[in-house]
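The values are calculated or read from the model by the stated rules, or taken from the named source; none is laboratory data. Owing to the predicted nature of the structure, the values given are computational and were not obtained by experimental measurement. For neighbour counting, all protein chains shown are included, and Cβ atoms are generated from backbone atoms with ideal geometry for every residue, glycine included.
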Amino acid sequence: MNKSITAIVLKSEDYRDFDKKLKLFTENGEVMSVIIRGVKKSNAKLRYVAQPFSFCNFELSGRGNSSNVVTGATVIEDLFKIADYNVYTAGCVMLEAAEKACEIQPNKELFLLLLRRIKDLLYGDYDPLISAISYLQNAIHKSGYSYMYDKPISNPTSVIELLACTENLSVQFTASKELIAKTFNKITARFEEKFSCILISKAYII
């Protein structure tokens, strides 16, 4: 059965000699696995879509999620050319969080939010960890573990004040590197607790 989906690549793993197995986050908020053939060959036409952060329309064939095979793909927006290390690692945390949060329970809102936060990483002025903090806390909230904040302020000096600012990124604010790092560690620990997981990519944050 053939079908078309819009999705972000969350993960790309080697599979057999020339293939890769991709973990996709679809516009419906589902996480699914697909196989893309021959992309490890130097002349493969689809090798550019077989990497994390690729945002594409994928053409699939096969039966069931486990046997879906990519037969074609068209880039919707170029989100995968991330050169800065800090931007890339913060983005990897968000990709992994999307997988952990939606693998069992799909959440369309988290797909849309992931797109916005990746664009923040690429085009925004905030520290890359701010985008990751915002995504992690919203993943917690939109999965049923919500909590209330006071009104955000322009110069947060505590974790709870910074979380108020990063929930929607609706106001301009400044925060120290130390506070951002502390808040990232706190929200990561909360995420891991709520979803009973370990975010492996956090180890690469510097």
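Scanning the stretch 44-81 for residues that are acidic (D, E) and modelled with pLDDT of 90 or more returns a single hit, E59. Residue-level analysis places I160 outside the set of residues that are among the aliphatic types (A, V, I, L, M) and touching a Lys or Arg at 6+ places or on another chain (Cβ under 6 Å). Filtered by the rule that a residue be under 22 Å from E96 (Cβ atoms) and at pLDDT below 95, the stretch 169-189 gives a lone residue, L169.
Looking only at the stretch 165-191, filter to residues that are part of a helix (DSSP H, G or I) and touching an Asp or Glu at 6+ places or on another chain (Cβ under 8 Å); which one of those is surrounded by the most Cβ atoms within 10 Å (Cβ to Cβ)? Only one residue tops the list, namely I180.
Across the stretch 1-55, the number of residues qualifying as of a type in the set (D, E, K, R) and either in contact with a Cys (Cβ under 6 Å, 6 or more places away or on another chain) or closer than 27 Å to E109 by Cα (or both) comes to 7.
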